[in-house]
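A quick write-up on the structure given underneath.
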Amino acid sequence: MDVIIIGAGLAGLTAAYTLTQRGFNCEVLEKSRALGGRMSTRRHEDTSFDPGAQYFTVKTTAFADFLHEVGVTEAMAPLAAPVVSYPFHDLATALADASQPEVSAVPGFPHRYMFRSGMTTLAKAIVARIGESRVVRECFVEALAWDATLRRWSIHTRGDNTTLGGIRSADWVILALPAPQAAQLLARSQPLPAPFTTLQTALEAVTYHPCITVVWGAPPSTAYPGVGALRATSKDAPIGWLAWLDRLAPYRVPDGNSIVIAQFGPDASHSLLDQPEGMVIQVLASALSEHFQLDLPTLRWVNIKQWRYANPAVGLPNLDAATAVADFNLDLCGDYLIGGRVEAAFLSGVAAAERLIHSVRQSSPG
């Protein structure tokens with residue numbers, strides 16, 4: 001049974017891993033060079049930082065078991081300093097509240113975690129187990145075509161060389177893309193059976209909060225002593241996340257250096273999409289001054305990353321539309337189906353794989 005999964009974020013890679021473990025022949029097509037989607041890690045000289053997801057939690061035994069299974073638990077580390085919610089009236093009280101032990105439903109995973117070498121560690125571990133050859137990078141899927149007689153899909157792709165471009169064939173397809181990109185793919189794939197029009201409409205109704213991340217290197221800061229990160233309690237806040245990586249993960253930053261990560265809130269990110277870097281820095285400096293009483297220091301270096309589809313704002317409004325296309329051997333996964341957490345992407349990938357396995361069993365003779 002051949003399965004093609006479009007998208008190498010955590011949901012798609014989890015689906016590929018689950019199916020490969022059950023004997024399916026899977027191939028993952030990823031339009032970029034990177035793995036893990038928003039579980040992204042970048043480097044600057046001898047430091048690494050995560051411009052997307054900043055940490056993850058473990059709230060289900062399924063996710064805990066998976067982390068053990070793919071061998072990444074030793075690479076995990078709790079955040080080394082508290083995450084303080086703001087605004088607050090008194091720093092000492094807010095810091096004391098944030099430092100209280102957390103209660104976890106999963107024994108052994110009570111903290112917020114990051115990976116010592118960066119968030120992309122999990123994606124790399126999954127790929128190492130399913131086989132690097134099963135993941136085709138820089139391969140853009142232009143369109144899908146359904147053969148009702150053979151009950152197989154043709155996947156039309158293009159890439160930078162002839163080994164990436166062409167037509168692939170599969171019994172099943174799983175779309176592990178942000179909903180708008182999945183809708184665009186279906187629109188490019190016309191004509192498809194009638195239920196896909198309903199699905200496309202449902203996917204077009206899904207909306208996301210974007211996120212603009214600014215990361216910079218600077219001398220160590222004495223601001224907000226003892227605080228690892230400040231997290232806004234309101235989506236209206238201009239800056240939703242402000243973190244000092246040398247406090248959260250000091251082993252990732254050389255002595256005498258500081259890496260600061262600022263992620264704009266949804267409204268500010270919307271207004272800054274596709275804007276010049278100079279404007280982003282200007283807005284950042286104003287927000288730091290107004291809301292944190294901080295001056296933007298002399299930047300040793302700066303990196304700006306734009307996430308157009310960072311967090312689902314409105315999920316799929318019509319789940320029946322997704323269920324209806326299962327008769328045509330197509331499924332979907334992604335955090336927009338469950339919620340905008342790292343663990344949600346994992347659970348969605350497992351669910352898509354399990355639905356496929358169940359469908360194949362139901363249709364098999366005997």
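Quick one: if the Förster radius is 51 Å, what FRET efficiency do A326 and A285 give, using the C-beta to C-beta distance and rounding to 0.05?
Calculated transfer efficiency: 0.50.
Picking from A170, F264, A11, whose Cα lies most toward the positive end of the charge dipole for the chain (charges on Cβ: Lys, Arg +1; Asp, Glu -1)?
So the residue we want is A170.
If you fit an axis through the alpha-carbon atoms of helix 179-188 and take the longest principal axis of the Cα set of the chain, what angle between them do you get, 0 to 90°, nearest 10?
40 degrees
Based on alpha-carbon atoms only, what is the radius of gyration of region 140-222 relative to the globular estimate 2.2 N^0.38 Å?
Normalised by 2.2 N^0.38 Å, the Cα Rg of region 140-222 equals 1.57.
Mind checking region 5-70 for GluC sites (Glu not before Pro) that DSSP puts in a loop (not H, G, I, E or B) and that have at most 11 other Cβ atoms within 10 Å?
Answer by residue number: E45.
When every alpha-carbon pair in region 311-366 is counted, what percent end up more than 14 Å apart?
59 percent
Between the alpha-carbon centers of region 37-54 and region 187-203, tell me the distance in whole angstrom.
Using only Cα atoms to place each centre, the spacing works out to 35 Å.
Run the 1.4 Å probe and let me know the accessible area of D65, rounded to the nearest 10 Å².
Estimated to the nearest 10 Å², D65 gives 90 Å².
With point charges of +1 on the Cβ of Lys and Arg and -1 on the Cβ of Asp and Glu, referenced to the Cα centre of the chain, which listed residue (A143, V227, T120) lies farthest in the positive direction of the dipole?
Value: A143.
Any idea what angle helix 342-363 forms with the longest principal axis of the chain, computed on alpha-carbon atoms, 0 to 90 degrees, nearest 10?
Relative to the chain, helix 342-363 is tipped by roughly 10 degrees.
Calculate the tail of P(r) for region 222-338: the fraction of all Cα-Cα distances greater than 19 Å, expressed in %.
Above the 19 Å cut-off, region 222-338 has 59 percent of its Cα pairs.
Assuming 0.36 nm per residue, please report the length gained on full extension of the stretch S359 to D2 beyond their Cα-Cα distance.
Taking 0.36 nm per residue and subtracting the Cα distance, the gain is 127.1 nm.
For the chain, what does the helix formula give at 222 nm: sum of -39500 (n - 2.57) over DSSP H segments with n ≥ 4, over the residue count, nearest 500 deg cm²/dmol?
Dividing the helical sum by the residues of the chain leaves -9500 deg cm²/dmol.
Take the Cα atoms of region 99-158, find their three principal axes, and give me the spread along each one in whole Å, biggest first.
59, 25, 20
Along the positive direction of the dipole of region 265-366 (beta-carbon charges: Lys, Arg +1; Asp, Glu -1; about the Cα centre), which of Y309, M279, A351 reaches farthest?
A351
Can you compute the modelled spin-label distance between S271 and R188, with each label point 7 Å from Cα toward Cβ, in nm?
3.4 nm
Where does the Debye-calculated log10 I(q)/I(0) of region 1-158 sit at q = 0.16 Å⁻¹, using only Cα point scatterers of equal weight, no solvent?
Each listed q corresponds, in turn, to -0.98.
Calculate, for N318 and E132, the FRET efficiency according to 1/(1 + (r/R0)^6) with r their C-beta to C-beta distance and R0 51 Å; round to the nearest 0.05.
0.85
Any idea of the accessible area per residue across region 1-141, 1.4 Å probe, to the nearest Å²?
45 Å²
Using 7 Å Cα-to-Cβ label points, what is the R158/Q306 separation (nm, one decimal)?
Taking the two extended label points, one gets 2.1 nm.
Just round it to a whole percent: the fraction of Cα-Cα distances in region 51-101 exceeding 15 Å.
62 percent
Can you give the relative contact order of the chain as a percent, counting alpha carbon pairs under 8 Å and 6+ residues apart?
After rounding, I find 22 percent.
Can you pull the percent of the chain's accessible area that's carbon plus sulfur, 1.4 Å probe, other chains left in place?
Carbon and sulfur: 51 percent of the exposed surface of the chain.
Can you bin every Cα-Cα distance in region 269-365 into 5 Å intervals starting at zero and give me the percent of pairs per bin, rounded to whole numbers?
That works out to 2, 10, 14, 14, 12, 10, 9, 8, 7, 6, 4, 2, 1, 0, in percent per bin.
Using Cα positions and a limit of under 20 Å, work out the lysines in reach of K235, with same-chain residues fewer than 8 apart set aside.
Output for K235: K305.
Solvent-accessible area per residue for region 173-244 at a 1.4 Å probe radius, Å²?
35 Å²
What value does region 91-206 have for Rg/Rh, both radii from Cα atoms and Rh as Kirkwood defines it?
Result for region 91-206 is an Rg/Rh of 1.17.
Using square roots of five times the C-alpha gyration tensor eigenvalues, list the equivalent-ellipsoid semi-axes of region 164-289 in whole Å, biggest first.
Here the semi-axes work out to 40, 19, 14 Å.
Just need the relative contact order of region 1-81 here, percent rounded to a whole number, with Cα pairs under 8 Å and 6+ apart.
21 percent
What is the pair-distance distribution P(r) of the chain, computed from all Cα-Cα distances in 10 Å bins starting at 0, with each bin given as a whole percent?
Answer for the chain: a P(r) of 5, 23, 31, 24, 13, 4, 1, 0 percent.
The values are calculated or read from the model by the stated rules, or taken from the named source; none is laboratory data. Model, not experiment: these values are computed from the prediction. Using ideal geometry, Cβ is built from the backbone for each residue, glycine included, and neighbour counts are taken over all protein chains shown. Accessible surface areas use protein heavy atoms only, side chains included; no ligands, DNA or RNA. Shrake-Rupley method; radii C 1.70, N 1.55, O 1.52, S 1.80 Å.
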